[in-house]
Every structure is written in C-alpha cells, then in structure tokens.
Amino acid sequence: MSIESAKSKDFISEDPGGSSLWRDAWIRLRANRLATISLYFFIFVSLLTILGPEILISSYEDQDLNNTFAPPGKESLFGTDNLGRDLFARVLHGGRISLAVGFLATVVSLLIGVAYGMTSGYLGGKIDALMMRVVDILYSLPFTIFVILLMVLFGRNFILLFIAIGAVEWLTMARITRGQTLSLKQAEFIEAARALGYSHSRVLFRHILPNLLGPVIVYATLTVPAVMLLEAVLSFLGLGVQAPMSSWGSLIKEGSEKMEIAPWLIFFPGLFFSLTLLALNFLGDGLRDALDPKAAKD
Amino acid sequence: MVKFIVVRILQAIPTLFVIATLTFFMTRLAPGGPFDSEKNIPAEIKEKLESHFGLEKPLYEQYFLYLSNLLQGDLGPSFKYMGWEVSELIAKAFPVSAQLGLFSLLIALVLGLPAGVLAALRKNSAYDYCLMTTAMLGICLPTFVMGPLLILLFSSWLGWLPPLGWYSFADMILPSLTLGLFYGAYIARLTRAGMLETLNQDYIRTARAKGASPLRVVLRHAIKGGLLPVVTFLGPAFAGLISGSFIIESIFFIPGLGRFFVTAAFNRDYTMVLGTVLFYACLIIILNLVVDLIQASLDPKSREP
C-alpha cells in the first residue's frame, strides 16, 4: 500500500479520540447509499416479522371459509387464501421461519467453519493438508442432492433442516478462515504475543480471532440469503416446513398452485422473499467494501 | 495436460466411493422400505419380493454386493419400476434434463454475454444502469417465483405458450427461459466485471494505439480475458443447473431425471436413488474437469508449471 493511501485512510474520521476499524467501516458503509437502504429495509422486515404476528388481530391459522380468495383490500391487506386465512399474517409469520432458518443455519455453519478453519490454519503442516483435503472431497459432493435426499428419507424435521444446511455451508467458511489464519500467523504482532509466552489458546482467541471477524462477517451476511434460498427450494419441493406452519418458500409453493384464481397468493410472498434476498446481497457487498477497502469491487 | 486429466480422474475415485457409501447407508438407515407403501401386500409376497432383490441379507453383505456390481458397471434393477434397469431409466430421463440444461445455458449466454459486454463498454451510462438493475432483479427472483410468474403471464393471461409438459418445441420455451434468465443475469454481471478489468490492461491500450477498431479490440483482444470469470462460474453453474432442474421439472411437469430422483427417494427405490446420485456426481466431476481445461486454455497463468 502506498503511503498516501494509508494516510488518507487514517484521516477519514476526524474524531480526536482515534478511530477503530469498526468505526471506519461504519462510516464507509453509511456512505454506500444502496447498502444503507438495504440495511434499513432489512431491519424493517425483521421487526415486522418478529413483532407483527404479536400485534396483529388476525392469526395465520384462523380460517374463514365464508371469505376465501378475497382479493387484497381494506379487510385483509394482502387478501386471503383458499381457506380464508389472512395472507398478510401468513407472510409475516412465514418470514419469521425463513429468517430464523437463515440465521440459525448460518450460525451453525459459522461455528463449525471458523473452528475448523482456525484449527487447520494455526496447526499448519501435515494436519492442515489433511484437514483441507477432507474439505476438498466434501466440496466435490453434490450437496444439494444430499440435502434433498436427507429431507426425503428422514422426514421433514426442523432440526435436521439446520444440520443439513449447516453441513453444506460451513465448507467455504472453513476455507476463508483457514486462509486468513495462515496469513495472520506470520504477522509480527502474533510473533510478539508468542514471544511474550502467551498460551496457544490466548493467541488464538485474543489475537487471531478478532482479526478474522471482518471477512467472516461479510461471508456470513452472504450466507444468510443462500441458506434462505436453499430452505425455500426444499419447501417448494414439499420438503421444508409443514402446514399450518409456513415459510416464504412454502407460501410461494401454495401460491403457485392457486395463482390462476388468486395471483396475489404468489405475488406477496414472492415480493417479500425477493426483496429480502436483494437487500441482504446488497448489504453483504457493502460490508465487504466497507470492511476490506482493498478488495475488488465488481 | 494428459497427466492433469489422469490425476483428476484418479482423484475422482475416492470421491465416488465416499458418495456411494454415504448414499447407500443413508438410504438403508432411513425408516421405511421400497415395499412398505403398497397397500395390502400379503406378507409372503412382500418377503418374496425382498428376497428377490436380496434385501433379507445382512446389510454389509448387500453393501459389498452392490459395490462389486458397481465395479462391473451394473447399477442393478429398479425396485419400483418392475422389469427396468436403473441404467435404462437414467438413459430415458437424462436426455430430457440435458436438453433443458443446454437450452437454458444457451439462453443465458445469448442474453448475458452481450448485455455484460455492452454494460462494460458504456460504463455508468443509462444502458449500464438499466442492464445491471435488470440483472440484479433476475438474480433475486428465484426460479420458483419466476417460473410461476412466467406461466401466469404467458399461458394463463396471454395464452401464447403451454404451461406444462415436454412434447413440442413450444413446451420447452418457458422452462428454459425460467432457468436461463437466472443464469443469464449472473453471466451478465460476471462478464461486465471481467470486461471492465480487461479493458484497463496495457495490452488493450496498445491495441487501441495501434489503431484497431473498437469492434476488433473487443472481439479480438478483450473478450478472451473478459470471459474468464464467466468460465470459472460455469463449473458451479452446471451443478446449479442440475439442482435447478429439480425445481423446474416439478413446476412444469417435465419427465426428466430430477423428477425421477425425487420420486425415487420418496419411494425408497434404493438402487434408483444410488444410481442417480452416482450419475450426477460423475457428471459434475466431468463438467468441472472440462471447465478447468477451458480455463487453462484461456488463461496461461492458471496452467500448472
């Protein structure tokens, strides 16, 4: 890096108290309008799906057979389905499940991936080579096929869904973490920490882990939409969550079966799902640019 | 080159072995059997069926039997489609899926490449913004939303195209378009990024300085480097086309391999599931190898010393 660019980076914030990496990143993220809008949109959708079902009068389960296939209007904002259930309530409730699956499965993959990658990168040598060979083999397995197989064979089990999706997504996380750990290991401050006689666990958790967080957070942000998409694919094939519970994927499936009578049944779940994916992707891109200004921007 | 191919094929053997083992035990340990779903089968007949397929033997014996048959290229008989070999069923269903995949890829390339090149050449213009916004929309509209919406528009409302089936050319348009638009959007973004990077290279400036026409600069000099990210993407894209075909084939009722696979898993048709998974795995491995070879021929730097 040239001296000039290093200088300009140091003086982005004129806060006399100094500026941390995270503060710099936040300022850069705020400067990216698309990412900021996405962030607010995502917070809005999250709040809506978390709080909405608690506040709403109509429940996602309540049927009203006198009021089936009602178009969107005053009575019900997004219309009703074939059993007279309020679509707005169902979309909010479905979003809860979709987002929960997205987050929990990402956390599972994060924990496995970071632990595996850090171990592999820190130990290095033969163990590293062996551990990465395992990842390479797993990489070449047709995993979507396995996830579908797992769901069909062992039934639609919510816990299994997390395990299956988490098992697919940790591989890339492990690779990223390992690469970062390998290069951090060579850094002078790690050498200094070792020279001071710190234990391996202290070096790993106090010095390496905090420096890994940037890329890991960026990748995690991009994993959430990928997981949500996989869950929706499973739900669409009838392998995800079951009625009366619903996710956006299963609502889209139901909607696609009845769209000729009631197009709104596919329109609204599809809209919420697509916009949320869009926002998460923009946010992930924005975070990448903010946390790692050196990374290429496409 | 030959060494590279041989090494890759040798590396594929343990992978395929792991896949066969995993799938075998997964299907067998799952609750239910191939002959459980039929109603009112007398116990003797069920026993006879099971002994006919060797299901009464201990699991490890069945496993070794399957592996030894596999080594001879025999995928065994289907448990559900009586009188059919698994390989025959794959040979019947795969061409349909392959056709769908090829048409989709063709649509994706025809739409994506020119869009990406145009956006890169007119960077930050109205063209660029329009094309890239459309591409982002295409990526975020998953196939299972896009498919039904296209059916709604073109067959329910306009009545131009049939909504399902796989008999005539008209049947093939909507499914291929659904899958193709998604990948086309990806390819457009990747092409734009690749072209932008290439257009900044010194050798492009040299070509321009030597008086090459803009068209010649793009077609003769820039496109090779600009296509690299697209080629890299094609590897995962093939795998994606395969899993995408599960969705598309179930939306449009297409009798392809994806539908056969899902049905077979539901039916506990052990040999059919194993055969299909192994077939998909081989396909992915071969296609990845082809992609790597294309990449090596486009980018001398990626060739191993």
Averaged per residue, the 1.4 Å probe accessible area of chain B, protein heavy atoms only, in Å², is roughly 51 Å²
Drop in accessible area of at least 20 Å² in the complex versus isolated chain, residues of the stretch B:123-138, 1.4 Å probe: B:Met136
Residue-averaged beta-carbon neighbours from other chains (10 angstrom radius) around B:145-157: 4
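So for each of A:221-234, B:130-143, B:75-88 I average, over its residues, the number of other beta carbons within 10 Å; can you give me the resulting order with the highest mean first?
My ranking of the peptides, most packed first, is A:221-234, B:130-143, B:75-88.
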Rounded to the nearest percent, how much of the accessible area of the stretch A:148-298 (1.4 Å probe, protein heavy atoms only) is carbon and sulfur? 61 percent
For the stretch B:39-115: rounded, prolate or oblate by the Cα gyration tensor [a/c cutoff 1.5]: prolate
Distance from a point 7 Å along Cα→Cβ of B:Leu153 to each backbone N in the stretch B:173-205: keep the residues under 17 Å and list them by number. B:173-186
Label the protein assembly as shown by shape, choosing from rounded, prolate and oblate, from the square roots a ≥ b ≥ c of the eigenvalues of the Cα gyration tensor; if a/c is under 1.5 it is rounded, and otherwise prolate applies when a/b is larger than b/c, oblate when it is not. rounded
Give the shape of the stretch B:139-268 as rounded, prolate or oblate, defined through the alpha-carbon gyration tensor: a ≥ b ≥ c are the square roots of its eigenvalues, a/c under 1.5 means rounded, and otherwise the shape is prolate if a/b is larger than b/c and oblate if not. prolate
Go through the stretch A:215-260 and flag every residue whose accessible area shrinks by 50 Å² or more with all protein chains in place compared to the isolated chain (probe 1.4 Å). A:Phe236, A:Leu237, A:Met259
Given a 1.4 Å probe and every protein chain left where it sits, what share in percent of the accessible area of chain B is carbon and sulfur? 67 percent
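Going through the stretch B:183-286, which chymotrypsin sites (Phe, Trp or Tyr not before Pro) have at most 16 other Cβ atoms within 10 Å and a DSSP loop state? Before the final figure, lay out the partial values.
Numbers: sites: B:Tyr183, B:Tyr186, B:Tyr203, B:Phe233, B:Phe238, B:Phe246, B:Phe252, B:Phe253, B:Phe260, B:Phe261, B:Phe266, B:Tyr270, B:Phe279, B:Tyr280; in loops: B:Phe252, B:Phe253.
When the chymotrypsin sites (Phe, Trp or Tyr not before Pro) of the stretch B:183-286 are filtered for loop state and at most 16 Cβ neighbours within 10 Å, B:Phe253 remain.
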What is the packing order of peptides B:214-221, A:118-125, A:85-92, taking the mean over residues of other C-beta atoms within 10 Å and listing the highest first? A:85-92, A:118-125, B:214-221
Between B:Val110 and B:Thr206, what FRET efficiency comes out of the Förster formula 1/(1 + (r/R0)^6) with R0 = 45 Å and r the beta carbon distance, rounded to 0.05? 0.90
On average, how many beta carbons from a partner chain sit within 10 Å of the beta carbon of a residue in A:131-138? 1
Violations at 28 Å Cα threshold for listed pairs B:Lys123/B:Lys210; A:Lys258/B:Lys80; A:Lys258/B:Lys92; A:Lys126/B:Lys3; B:Lys123/B:Lys224; B:Lys3/B:Lys92 -> A:Lys258/B:Lys80; A:Lys258/B:Lys92; B:Lys3/B:Lys92
Treating the angle as unsigned and between 0 and 90°, give the value, to the nearest 10°, between the Cα long axis of helix B:126-140 and the longest Cα principal axis of chain B. 10 degrees
Electrostatic dipole magnitude of the protein assembly as shown [Cβ: Lys, Arg +1; Asp, Glu -1; Cα centre; debye, to 20]: 1980 debye
How far apart, in nanometres, would the label points at A:Trp26 and B:Phe266 be if each is projected 7 angstrom from Cα along the Cα-to-Cβ direction? 5.1 nm
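Given the DSSP H assignment, sum -39500 (n - 2.57) over each helix run of at least 4 residues in chain B and divide by its residue total; what's the result at 222 nm in deg cm²/dmol, nearest 500?
Value at 222 nm, helices only: -24000 deg cm²/dmol.
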Give me the inter-chain shielding for B:261-267: mean count of other chain Cβ atoms within 10 Å, whole number please. 4
If eta is 1.567 mPa s and T is 4 °C, what Stokes-Einstein diffusion coefficient results for chain B, Kirkwood Rh from Cα pairs, in µm²/s? 58 µm²/s
Using 1/(1 + (r/R0)^6) with R0 = 30 angstrom and r between the beta carbons of B:Val290 and B:Lys92, what's the FRET efficiency to the nearest 0.05? 0.75
What distance in nm separates the two pseudo spin-label positions at B:Ala170 and B:Asp74, each 7 Å out from Cα along the beta-carbon direction? 4.7 nm
How far is helix B:169-199 tilted, in degrees, relative to the longest principal axis of the Cα atoms in chain B, given as a value from 0 to 90 rounded to the nearest 10? 50 degrees
Log entry, pair B-A: total buried accessible area, probe 1.4 Å, protein chains only, in Å² rounded to 100, is 3400 Å²
Under the Karplus relation with 6.51, -1.76 and 1.60 and θ = phi - 60°, whole-Hz ³J(HN,Hα) for the stretch A:183-195, x at Gly and Pro, equal 6, 5, 4, 7, 5, 5, 5, 6, 4, 4, 4, 5, 4
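The values are calculated or read from the model by the stated rules, or taken from the named source; none is laboratory data. Keep in mind that what you see is a predicted model, and the values were worked out from it rather than measured. As a convention, Cβ positions derive from the backbone with ideal geometry for all residues, glycine included, and neighbour counts pool all protein chains shown. Surface areas here come from the heavy atoms of the whole protein model, side chains and all, with no ligands, DNA or RNA. Shrake-Rupley method; radii C 1.70, N 1.55, O 1.52, S 1.80 Å.
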